[in-house]
Amino acid sequence: MAPKFKVGDYVTWNSEAGRVSGKIINVRTRDTDYKGYTPHASPKDPHYEIKSDKSDHIAMYKGAALKKIRSLRRT
């Protein structure tokens, strides 16, 4: 089972550009149109919208692709 995260958690993941980190800004628990793609999310298998620390790019990943690095909120 994939780990569960919440809004505000800081996570890291592997992207085409290498290791990236950012803050979870939204948790999707149902199918959603995202950049022309429909991630099939559910309450048992949510997808997470993450804002990259470096580029402010928004990405969406399953919990299995993410690793929590800290849960402190930045202002």
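Derivation of every value follows stated rules applied to the coordinates shown; laboratory data play no part. Fair warning: this is a prediction, and the values are worked out from it, not measured in the lab. Every residue, glycine as well, gets a Cβ built from its backbone with ideal geometry; the counts of neighbours run over all protein chains shown.
Treating only the Cβ atoms of Lys and Arg (+1) and Asp and Glu (-1) as charged, compute the dipole magnitude of the chain about its Cα centre; round to the nearest 20 debye.
Its charge dipole is roughly 380 debye.
Rounded to whole Hz and in sequence order, give me ³J(HN,Hα) for the stretch 37-43 from the Karplus expression 6.51 cos²θ - 1.76 cosθ + 1.60, θ = phi - 60°, writing x for Gly and Pro.
Going residue by residue, I get 10, 10, x, 8, 9, 8, x Hz, with x marking Gly and Pro.
Rg and Dmax of the chain, using alpha carbons, in Å: what are they?
Calculated on Cα positions, Rg and Dmax stand at 11.7, 32 Å.
How long is the gain from Asp45 to Lys68 if the chain were fully straight, where each residue apart is worth 0.36 nm and the alpha carbon distance is subtracted?
Difference between extended and current length: 6.6 nm.
Give the residues of the stretch 34-61 whose amide nitrogen is closer than 15 Å to a point set 7 Å from the Cα of Ile25 in the direction of its Cβ.
34-35, 48-61
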